[in-house]
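A quick write-up on the structure given underneath.
Just so it is clear, none of the values below were taken in a lab; they were calculated from the coordinates. Just so you know, these numbers come straight off a predicted model, no measurement behind them. Cβ coordinates were reconstructed from backbone atoms using ideal geometry, including for glycine residues, and neighbour counts include every protein chain displayed.
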Amino acid sequence: MKRVVVGLSGGVDSSVAAYLLKEQGYEVIGLFMKNWHDDSVTISNECPWLEDSNDALLVAEKLGIPFQTVDLSEQYKEKIVDYMFKEYENGRTPNPDVLCNREIKFDVFMKIALTLGANFVATGHYCRKGEIEVDGKPVYQLLSGKDDNKDQSYFLCQLSQEQLAKSLFPIGELTKPQVREIALQLDLVTAEKKDSQGLCFIGKVRLPEFLQQQLQPKEGLIYEIPADSEIYNTSKPTFNSLEEELIFESTSIKYNSESGKAVGKHQGAHYFTIGQRKGLNVGGTKEALFIIATDVKSNAIYTGQGHNHPGLFKKALKVNSSEIHWVREDLKLKNGESMQVMARIRYRQELQQATLYQFESGLYVYFDQPQSAITEGQFVAWNIEDELVGSGVIS
C-alpha cells in the first residue's frame, strides 16, 4: 500500500480527497497545517484556524485515518507574509495563494510528509495530473480540473516536475456539487461548509490593516485622468524590430500630477492595486473610478472613470528572465522562439489567445485582444489546450 499524506484544511474538498484515496486503497494520513497566529488582523470568525483544525480532526476520525497538526507559521511568515509586505512596499501586487502552494504546501509541507514515509502528498485542488513519456522519461502534466467553474490549476502554476511527481489531486475529475454530494452521503461535518475566502490559511484579512502592521500610512493624492486625454492619442512610433514593439506594448504609461486633476486623498499608494475600485472614497463621478496606475515613489494614485477606460488596457506584458517558470521544461522556449498559447493573468479569468516571444531580456506575452488591469507582481500562466505548461511573474 502506498502512503499518502493529505493536507486536511477543514474544508469539504480535502475531506472528500482523503475519502477517495482511502477508497482507492492508499494508506492515508491527515495533516493540518497551522500557518497563522495573529488573529488581530483577520475579520472575526471568518476562518479561525481552531475551528478548521477541529473540523479536520472530526473528518479524520470519521474516515478512520491518523491525524496530526503541524505548525508552519514561522515558515509561512518568512516565505509568504514578509514577501507580501516587500512586494506591496515596492508597488507590486503579489499572489499569496500561488506562492503558498509553491513554498509551503508543495515544499515545506511535502518535505514533512516525506519524512513520515509518504509516497505522495494530496490536496483538494480542482485540477488533474497527467503523465506522458518524453525521450523515454516520464513527464508530468498539470491539467485543468473537470469543473470549469472551479478549475484551480492556475494556483499551482509554479509547481516543478519534482513536486508534481509526488502530488495527487483526487477530486480533479469531479465537480463541486459532486464533491458536496459525496460529503453529504458520508455525513461529514464539512459537507455544507462554505468555501474559505481570503488569504491562503489566514482567512479573510482586512488587507489595509494587515499591511499597516509594516507599511506606514502616508497621505497622498488621487488623480483622475480623462478618457480622452492626449496621453492615449499619441501615434505609435515605427519599430525596427519585433522586440522593440513588444517593449513598447508592455510598458506602462507614466503619469504625473499634470496628467489629470486631483480628486481626493488616500493613505498610501502601496495599499492599492491596478483595477481596484473599492476603498477610494471619491464620490461625484458619473461612473465608478478605477485605479489605472499607482506610483509608490511619488505616493500618487491615478484613476479613470468606468471599466472601459483606456488607461486600464494593454496588449502585452513582460516576464523577466529570472521569473519565467516552465512546468513542462521540455517545452521551454529558446531565445528568438515563439509559441501560440492560451493565457490568463488572474484566477477565474477566461483563457485568452496569446503568443509568447522569448528574448535574451525576458519573455513577452502578446495578447490578441487588449487585457484589462495587467498588474505587476501577479502571475501570468499559459496553457496548451487544457494543460498549464508555464507561468511567470508580471514585471
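For the chain, the residue among I291, A262, F67 whose Cα projects farthest onto the positive side of the dipole built from Cβ charges is A262.
The Rg/Rh ratio for segment 90-140, using Cα coordinates for both the radius of gyration and the Kirkwood hydrodynamic radius, is 1.10. Counted over all Cα-Cα pairs of segment 313-393, pairs farther apart than 22 Å make up 13 percent. Dividing the radius of gyration of the alpha carbons in the chain by their Kirkwood radius gives 0.99 for Rg/Rh.
Using +1 on the beta carbon of Lys and Arg, -1 on that of Asp and Glu, and nothing else charged, what's the dipole of segment 27-173 about the Cα centre, debye to 20? Show your work: numbers first, answer last.
Values: 15 positive and 25 negative charges, 74 e Å.
So the dipole magnitude of segment 27-173 works out to roughly 360 debye.
Peptides 278-285, 187-194 ranked from most to least packed by the mean count of surrounding Cβ atoms within 10 Å: 187-194, 278-285. When the alpha-carbon atoms of segment 210-322 are used, the pair Rg, Dmax equals 15.5, 48 angstrom.
What translational diffusion coefficient, to the nearest whole µm²/s, does segment 3-212 have by Stokes-Einstein, given a Kirkwood radius computed over alpha-carbon pairs, a temperature of 25 °C and 0.890 mPa s viscosity? Present the calculation step by step, with values, prior to reporting the outcome.
Values: Rh = 17.6 Å.
D, rounded to a whole number, is 139 µm²/s.
About its Cα centre, the dipole of segment 313-393 is roughly 300 debye, where the only charges are +1 on Lys and Arg Cβ and -1 on Asp and Glu Cβ. Partner aspartates and glutamates whose Cα lies under 19 Å from the Cα of K218, excluding those fewer than 8 positions away in the same chain, are identified as E87, E89, E209, D295. Calculated mean residue ellipticity at 222 nm for the chain: -5500 deg cm²/dmol, from DSSP H runs with n ≥ 4 weighted as -39500 (n - 2.57), summed, divided by the residue count and rounded to 500. Have a look at S167, S241, S53 and tell me which one the Gaussian network model of the chain (Cα, springs below 10 Å) gives the largest fluctuation. Of S167, S241, S53, the most mobile in the Gaussian network model is S241.
In the structure shown, the pairs K105/K129; K22/K193; K261/K297; K86/K193; K146/K166; K137/K334 are assessed against 27 Å; a Cα-Cα span above that value is assigned to K86/K193.
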